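The values are calculated or read from the model by the stated rules, or taken from the named source; none is laboratory data. Just so you know, these numbers come straight off a predicted model, no measurement behind them. Here Cβ is always computed from backbone atoms with ideal geometry, including for glycine, and neighbour counts include all displayed protein chains.
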Amino acid sequence: MTEEEALEALNRAGVAGNFILGGHARQRMKERGAGREDICHALREAKTCRQQPDQRWKVPSFDMDGDDITLITVVEDDVVVVTLF
């Protein structure tokens, strides 16, 4: 998967709200006071992503308040899993 293809899948997941949150992501969301809407916003508004050595995608973006947020995602068969941020 290319960076462009991954970014398209991530943006689609943000628009549709179609992603899975891993346990670590839920824990970090609670710590930061972030909601699912913030993750949707960050995915939808992401302009870039970088593939990590473990085949995950690092996605710098921002939440609904405009605060910086970094998502680490896995994209497989158009399914997006947010593993941590």
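Per-structure values
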{"quantity": "First in region 35-57 and assigned to a loop (DSSP other than H, G, I, E, B), second anywhere and surrounded by fewer than 14 Cβ atoms within 10 Å (Cβ to Cβ), Cβ under 7 Å, 6 or more apart", "calculated": "CYS49/GLU3"}
{"quantity": "Among residues of region 36-58, those that are in contact with a helix residue (DSSP H, G or I) (Cβ under 9 Å, 6 or more places away or on another chain) and either exposed (fewer than 15 other Cβ atoms within 10 Å of the Cβ) or within 16 Å of GLY17 (Cβ to Cβ) (or both), counted", "calculated": "14"}
{"quantity": "Residue under evaluation ARG12, criteria (1) charged (D, E, K, R); (2) surrounded by 14 or more Cβ atoms within 10 Å (Cβ to Cβ); (3) not in a helix (DSSP H, G or I), criterion not met", "calculated": "(3)"}
{"quantity": "Hits in region 63-73 - residues which are within 16 Å of LEU7 (Cβ to Cβ) and surrounded by fewer than 16 Cβ atoms within 10 Å (Cβ to Cβ)", "calculated": "THR70"}
{"quantity": "Residue among MET29, MET64 that is aliphatic (A, V, I, L, M), in contact with a helix residue (DSSP H, G or I) (Cβ under 7 Å, 6 or more places away or on another chain) and either modelled with pLDDT under 95 or assigned to a loop (DSSP other than H, G, I, E, B) (or both)", "calculated": "MET64"}
